[in-house]
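Quick note: the coordinates plus some simple rules give every number you see, no bench work behind them. Everything numeric in this text was worked out from a predicted model, so none of it was measured.
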Amino acid sequence: MDEEKKYIIDVSVRTVYLPDQSDENACRHVFAYTITIANTGTVASQLISRHWIINNGDGTSQEVRGLGVVGEQPLLKPGDSFEYTSGTVISTSVGSMKGSYQMAAEDGFHFDVAIPEFILSVPRTLH
């Protein structure tokens, strides 16, 4: 079997702006994001840690690293998926996030899964 086909983790993202937690006058824009992580490979793999790069629209950014997601390190068997919701605060009305998950397969192989860049935008900001 092709080695590349064994370790396939798909990541999808949905975002929502939270106006009730945001304060535009104070440059505080709060977003929730829901991520679905699906193991479409053939080897069970555990999410060990995460690395995020959060970009503001003014060119500033911050990096976040930590173990697991929302306090968990889910083990995904082939065909399994895991969904969680978290949030972030940016200082501009438009920004973006991207990153990676560090995974450990049950056969001992360690690999990174890219989290595709997604846009954070206050409604009616982007056309």
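Less than 15 Å apart at the alpha-carbon level, and either on another chain or at least 8 residues along: which aspartates and glutamates does that give for LYS98? Result set, ordered by chain and number: ASP10, GLU63, ASP112, GLU117.
For LYS77, the lysines whose Cα comes closer than 20 Å to its Cα, not counting residues fewer than 8 places off in the same chain, are LYS5, LYS6.
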